[in-house]
Every structure is written in structure tokens, then in C-alpha cells.
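Please read the structure below before turning to the comments.
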Amino acid sequence: MSESQFIVRLATDKDVIYANQICAEMESSAKARGTGIAKRSPEYVSQKMQESKAVIALHEDGRWAGFCYIETWEDGKYVANSGLIVSPEFRKEGLAKRIKFKIFELSRTKYPEAKIFGLTTGLAVMKINSELGYEPVTYSELTDDDQFWAGCKSCVNFDILMSKDRKNCLCTAMLYDPVEKEQDKEKELSKNGQHIETIKKPNHP
């Protein structure tokens with residue numbers, strides 16, 4: 001199956017017809033992996049679509065193929081790209097990567113100053129996050145908003161998280177810090193500039 005057979009775009013209020021299917025697959029996928037993701041209702045997923053805070057993937061024949069949405073914490077200081085899911089019949093088609101890149105782009109556009117973070121046990125997601133510039137961090141660098149951590153209650157590992165005082169669990173925490181990335185870019189430009197200047201500087205006897 002070709003990637004061109006799929007449309008990955010911003011979700012709209014017309015896509016709420018897929019909300020039940022998306023939530024059912026989120027739950028089914030979590031059970032199959034033996035891990036958990038924050039359980040969301042069709043109403044919550046629909047709200048994200050209506051707020052232009054979600055990305056959806058559809059097959060060219062109209063079948064739902066994938067989904068991901070944005071959550072914000074601490075007045076937009078932190079952003080999470082949550083609930084990434086791909087329909088089982090369309091996995092291994094590169095859709096997860098396309099959706100992640102699209103939702104990342106949307107997050108950077110809507111919240112350019114925000115730190116974007118995620119918690120995952122999936123190696124494939126970790127690889128995609130690394131390509132986007134995320135770096136592994138400790139849980140202390142994530143939001144301390146209780147509402148975010150309450151979302152972990154539906155995970156089978158929630159007791160482990162709480163027993164460790166929310167300092168670590170089985171998920172890997174990854175973070176994209178735009179301020180840090182900008183500083184790294186400036187350092188690199190400065191270093192290259194100095195290097196060029198050194199080369200151009202004439203030799204004096």
C-alpha cells in the first residue's frame with residue numbers, strides 16, 4: 001500500500017464521526033501491548049477536533065487510518081502530543097511518522113514557546129521523537145500539573161508510578177525545548193562564524 005493513498009491533515013468538526021472508532025482502538029491497542037494510555041472519551045476526542053488541536057489520517061476511500069491530538073498544561077507552557085494511534089489494518093505504512101510530524105508542526109505553530117513532551121514505551125515512537133529533536137529527560141523536567149498525571153490512572157502501571165512518587169515509571173520521558181534548541185543553533189552558528197573568520201584572517205609577519 002502506498003503512502004500516497006493516505007491523507008494526513010488537521011482534524012475538523014466534520015471528523016467527529018470517527019471519534020468512537022478512535023477511542024475503541026486506543027483502548028484495544030493499550031490492552032494488546034499490556035501497557036496503558038490515558039483513556040479518553042469520544043466527547044473529549046471530538047472536542048479536540050473542534051478546537052483544531054488534532055491531526056487525523058484517512059485512507060483515500062474515507063476509512064479512518066490514524067489520529068493524534070494536542071494537550072496543553074500550565075497555561076501553554078507545556079504541550080503533549082497525545083493519543084497517537086494507527087488503525088491495525090494500516091500499520092507499517094509509515095503513517096505514525098507522518099502523523100507525528102504533522103502534530104509536531106501544529107504544536108510549534110500554535111504554541112511556539114512551549115516545551116513539547118511525551119511519555120512512551122514504544123521504540124518506534126522514541127525513534128520518531130528523536131528525529132524531531134526530542135531528547136530523553138527525567139520526569140522532573142515534565143509538567144507537574146496534577147491533571148496530567150491523573151491521566152495515567154487508566155494505565156496498568158499507575159501503581160508503579162505512584163510508588164516512585166511520579167519520579168519514574170516504565171515509560172520513557174522525552175522533551176523538545178525550543179529555547180534550548182535555539183541556543184544550540186546560535187552556538188553552532190557562532191562556532192562556524194568564528195571558524196570562517198579564522199580562515200579568512202590574513203597572516204601578518
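What is the percent carbon and sulfur in the accessible area of the chain, measuring with a 1.4 Å probe over the protein chains and ignoring ligands?
Working: 6020 of 11830 Å².
Of all accessible area on the chain, carbon and sulfur atoms account for 51 percent.
Here each label is just a point 7 Å from Cα along the line to Cβ, and for Glu105 and Asp75 those points are 3.1 nm apart. Please state the shape class of region 66-169: rounded when a/c is under 1.5, otherwise prolate if a/b exceeds b/c and oblate if not, all from the C-alpha gyration tensor. The shape class here is oblate.
A simple spin-label model places the labels of Asp165 and Arg91 3.8 nm from each other, with each point 7 Å out along Cα-to-Cβ. With the Cα gyration tensor of region 16-128 giving a ≥ b ≥ c as the square roots of its eigenvalues, does the rule (a/c under 1.5 for rounded; else a/b larger than b/c for prolate; else oblate) give rounded, prolate or oblate? Rounded shape, in that the Cα axes give a/c under 1.5.
When only C-alpha pairs under 8 Å and at least 6 residues apart count, what is the relative contact order of the chain, in percent?
On the way: 290 pairs, mean separation 40.1, N = 205.
Taking the mean separation of contacting Cα pairs over the length of the chain, I get 20 percent.
For the chain, the square roots of the Cα gyration tensor eigenvalues, ordered a ≥ b ≥ c, give a/c of at least 1.5 with a/b greater than b/c, which places it in the prolate category. Computed 3J(HN,Hα) for region 114-128, one whole-Hz value per residue from the Karplus formula 6.51 cos²θ - 1.76 cosθ + 1.60 where θ = phi - 60°, is 6, 8, 9, 9, x, 10, 8, 10, x, 4, 4, 5, 4, 5, 5, glycine and proline marked x.
The GNM of the chain, with springs linking C-alpha atoms under 10 angstrom apart, assigns the highest mean-square fluctuation among Lys110, Lys14, Lys153 to Lys14. Note that the chain presents 58 Å² accessible area per residue, ligands and nucleic acids not counted, probe 1.4 Å.
Note that region 44-53 has calculated 3J(HN,Hα) couplings of 5, 4, 4, 4, 4, 5, 5, 8, 6, 10 Hz, one per residue in order, obtained from phi through the Karplus relation 6.51 cos²θ - 1.76 cosθ + 1.60 (θ = phi - 60°); glycine and proline are x.
Rounded to the nearest 500 deg cm²/dmol, what is the calculated helix-only ellipticity per residue at 222 nm for the chain, with -39500 (n - 2.57) per DSSP H run of length n ≥ 4?
Only helices count here, giving -12500 deg cm²/dmol.
Distance between the modelled labels on Ser154 and Thr12, one decimal in nanometres: 2.8 nm (7 Å Cα→Cβ projection). Note on Arg166: accessible area approximately 60 square angstrom, rounded to 10, probe 1.4 Å, nucleic acids and ligands left out.
Between Phe117 and Val79, Ala80, Asn81, Tyr176, the built amide H atoms are under 5 Å apart, and every one of these is 5 or more places off in sequence or on another chain.
Taken one residue at a time, the phi angles of region 134-150 give Karplus couplings (6.51, -1.76, 1.60, θ = phi - 60°) of 5, 10, x, 9, 7, 4, 5, 8, 8, 4, 9, 5, 4, 5, 5, 5, 5 Hz. Gly and Pro are set to x.
For Thr172, the amide hydrogen comes within under 5 Å of the amide hydrogens of Thr120, Thr121, counting only partners 5 or more places away or on other chains and with H modelled in the peptide plane. Per-peptide packing, taken as the mean over residues of other Cβ atoms within 10 Å, places 168-176, 120-128 in the sequence 168-176, 120-128 from highest down. Between Ser52 and Asn20, the contour length at 0.36 nm per residue exceeds the alpha carbon distance by 9.7 nm. Quick check: Cα centre of region 38-87 to Cα centre of region 92-116, how many Å? Between the Cα centres of region 38-87 and region 92-116 lies a distance of 11 Å.
The values are calculated or read from the model by the stated rules, or taken from the named source; none is laboratory data. Being a predicted model, the structure only gives us computed values, none of them experimental. Backbone-built Cβ (ideal geometry, glycine too); neighbour counts: all protein chains shown. Accessible surface is based on the protein model in full, side chains and every heavy atom, while ligands, DNA and RNA are left aside. Shrake-Rupley method; radii C 1.70, N 1.55, O 1.52, S 1.80 Å.
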